[in-house]
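Report on the following structure.
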Amino acid sequence: MTHAPLKVAIAGLGTVGVGTVKILQQHADLIRMRCGRPVVITAVCSRDQNRHRGVDLSNYQWFSDAAEMATQANADVIVELIGGSSGIAKNTVEAALAAGRHVVTANKALLAHHGLALAKLAESKGVSLNYEAAVAGGIPVIKSIREGLAGNAVTRVQGILNGTCNYILTTMRQEGRGFDDVLKDAQRLGYAEADPSFDIDGVDTAHKLAILASVAFGVEVNFNAVQVEGIRHISATDIQFAEELGYRIKLLGVASMSLDGIEQSVHPTMVPLSAPIAHVEGVFNAVVTDGDAVDSLMQEGRGAGEGPTASAVVADIVDIARGIHLPTFGVPVEKLKPSQARPMNLHTGAYYVRLMLVDQPGVFADVAAALRDHKVSMESMIQRVREPGESVPVVITTHITSESGMLAALDAIAKLDTVTEPPRMIRIESA
Ligand code: HSE
């Protein structure tokens, strides 16, 4: 094994880029000992060379074009921390791999959309494409599944993969505040994506889930197979009812393997308070992996921010310095199976349904009839006290039922004259 320094060029000097520089500078000795060779930054790239970033960048070659740096820098590894599924980030990664340079990236959107093609390119050049920071920030979940759980057939992987959504849902519950108000806090704290709809509409979680599913099940990354629903419509009323029923509402990404394919979905979920993931609060992320040998394994940690994300980036660099080289998604590209998507209407589970009803005799009988007609069995029902002249919230939880039956029942219920708002449905996850 070589003892020559590993030379690193970093594209993108935002929060994570600066965090990566800091760790590589501050822990240079520790990292040298752990790798048996120094890891040195040789070049950096950012559009604005004059901005003060709180780190000494004076010894590094500067580039303003990341794709140019990818081929021209004196570097073994190109670290892409620009972001975005196309444009400069994609060009940079492609150029680096094509030039036979290892790549480390935190770019979940890029991997979710182009992971397969990039993995093929990396493999053809015999270089690493490492992306630990792309999923759940500081939690070493890719390493856990790809290496630590290599002896397991994984049956399900699920998690809280977006800190912004978890922060919003937690704060709404704890402080009884509205969605929009809390979203502004999350943006100010720097957790939200540049386009916050990626967070709150579940897209960011879906990017991460598609990557996790590929590593967990040895299938091609298939972002289009993920069925996505965000948290915009979650109201304070639903959060209160959840609490009363013994649940917390979490935005979960869930990928599960069954005989007829892989179900990948992102949706707000009622999680029982007895499940550890229900207690993962604020900006924290958690991933629960079910393996046939290990049983259920939960990892919790910070999924965003300078230190946690840079920690994952540096771990990927350290792997390269140590000479650890693994197939991008755990198995060689040609062995990845096509991801056979299992449609959500084949899903079975329990459901929470909130209706707003006119409070008059016979209304509930109509609702019950619609449930009966579609073979949905009720588990519980709560009706709130009526304020004069107002619709009354009625919450129903069901036994395990088919999603197609549930949706058909809701369709029929929504058409009743006595139902004053579209019904709200939230899936209940057992653990
Ligand atoms: N916007 C993401 C989050 C950042 O809130 O978790 C990390 O991917």
Global size of the range 89-214 as Cα Rg and Dmax, reported in angstrom: 16.8, 54
For VAL219, residues with placed amide H under 5 Å, excluding near neighbours: LYS337
Highest average packing first - 311-321, 34-44, Cβ atoms within 10 Å: 311-321, 34-44
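When ranked by the protection proxy of mean other Cβ atoms within 10 Å per residue, highest first, what sequence do the peptides 19-26, 274-281, 412-419, 91-98 form?
Details: 19-26: 20.0, 274-281: 17.5, 412-419: 15.8, 91-98: 22.9.
With the highest mean Cβ count within 10 Å placed first, the list reads 91-98, 19-26, 274-281, 412-419.
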The range 25-62 versus the range 305-375: alpha-carbon centroid distance in Å: 37
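Can you give the charge dipole size of the range 347-428 about its Cα centre, rounded to the nearest 20 debye, using +1 on the beta carbon of Lys and Arg and -1 on the beta carbon of Asp and Glu? Walk me through the numbers before you get to the answer.
Details: 8 positive and 10 negative charges, 45 e Å.
With Lys and Arg at +1 and Asp and Glu at -1, about 220 debye.
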Whole-number percent relative contact order across the chain, with pairs defined as alpha carbons under 8 Å at least 6 apart: 16
Dipole of the chain [Lys/Arg +1, Asp/Glu -1 at C-beta], most positive-end residue of HIS279, VAL385, ILE82: ILE82
Vicinal HN-Hα couplings computed from phi for the range 282-290 (Karplus, 6.51 cos²θ - 1.76 cosθ + 1.60; Hz; Gly/Pro x): x, 7, 5, 10, 8, 10, 10, 10, 9
Extreme residue, positive dipole direction of the chain, given options ILE262, PRO343, HIS52 (C-beta unit charges): HIS52
Per-peptide average of other Cβ atoms within 10 Å, ordering 109-120, 48-59, 204-215, 187-198 highest first: 204-215, 109-120, 187-198, 48-59
The chain - mean residue ellipticity at 222 nm from DSSP helices (-39,500 (n - 2.57) per run, n ≥ 4, rounded to 500): -10500 deg cm²/dmol
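For the chain, give me the percentage of DSSP beta bridges that are antiparallel, rounded to the nearest 5 percent.
On the way: 49 of 75 bridges.
Counting only bridges with both partners in the chain, antiparallel ones make up about 65 percent.
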Table column - 3J(HN,Hα) (Hz), the range 394-411, Karplus curve with 6.51, -1.76, 1.60, x for Gly and Pro: 10, 10, 10, 10, 10, 6, 4, 8, 8, 4, 5, x, 4, 5, 5, 5, 5, 4
Per-residue HN-Hα couplings for the range 127-132 [Karplus 6.51, -1.76, 1.60; θ = phi - 60°; Hz; x = Gly/Pro]: 10, 8, 10, 10, 8, 3
Residue-span extension gain [ALA365 to LEU273] - 0.36 nm each, minus C-alpha spacing: 30.0 nm
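So for the chain, considering every pair of alpha-carbon atoms, how many percent are separated by more than 29 Å? Write out the running numbers ahead of the final one.
Working: 45454 of 92665 pairs.
I get 49 percent for the Cα pairs in the chain exceeding 29 Å.
Return a whole-number percent for the relative contact order of the range 1-127, with Cα pairs under 8 Å and 6 or more residues apart as the contact set. Before the final figure, lay out the partial values.
Working: 227 pairs, mean separation 31.5, N = 127.
Relative contact order of the range 1-127: 25 percent.
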Residues whose placed amide H lies under 5 Å from that of GLY303, excluding near-sequence neighbours: GLY138, ASN285
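What does the net charge come to around SER339 if you take all other residues with beta carbon closer than 12 Å to its beta carbon, with K and R at +1 and D and E at -1? Walk me through the intermediate numbers first.
Numbers: positive: LYS337, ARG342; negative: GLU220, GLU263.
Summing Lys and Arg as +1 and Asp and Glu as -1 gives 0.
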Nitroxide proxy distance, nm - points 7 Å out along Cα→Cβ at HIS233 and SER58: 5.8
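At a Förster radius of 41 Å, what calculated FRET efficiency corresponds to the Cβ-Cβ distance of ASN345 and LEU189, to the nearest 0.05?
Numbers: r = 38 Å, r/R0 = 0.92.
According to the calculation, E is roughly 0.60.
What percent do you get for the relative contact order of the range 269-331 when only Cα pairs under 8 Å and 6+ apart count?
On the way: 38 pairs, mean separation 12.1, N = 63.
Worked out over the range 269-331, it gives 19 percent.
For the chain, what is the accessible area per residue in Å² when the probe is 1.4 Å? Don't jump to the answer; show the numbers that get you there.
Working: 17880 Å² over 431 residues.
It amounts to 41 Å² per residue over the chain.
With a 1.4 Å probe and all protein chains left in place, how much of the accessible area of the chain comes from carbon and sulfur atoms, in whole percent?
Values: 8890 of 17880 Å².
Taking all protein chains in place, the chain shows 50 percent carbon and sulfur surface.
What net charge is computed for the residues neighbouring LEU273, neighbours being all others with C-beta under 10 Å from the C-beta of LEU273, Lys and Arg scored +1, Asp and Glu -1? List each step's numbers first, then the result.
Values: positive: ARG248; negative: GLU243.
In short, 0.
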Sequence-distant residues sharing a close amide H with ARG342 (under 5 Å, placed H): ILE262, GLU263, GLN264
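Per Stokes-Einstein, at 37 °C and 0.692 mPa s, what whole-number D in µm² s⁻¹ belongs to the range 22-119, with the Kirkwood radius over Cα pairs as the hydrodynamic radius? Walk me through the numbers on the way to the answer.
Working: Rh = 14.5 Å.
Answer, rounded: 227 µm²/s.
The values are calculated or read from the model by the stated rules, or taken from the named source; none is laboratory data. Worth saying up front: this structure is predicted, and the values here are computed from it rather than measured. FYI the Cβ positions are ideal-geometry reconstructions off the backbone, even for glycines, and counts take in every protein chain you see. Each accessible area value is taken on the protein alone, full model and side chains, heavy atoms only, with ligands, DNA and RNA left out. Shrake-Rupley method; radii C 1.70, N 1.55, O 1.52, S 1.80 Å.
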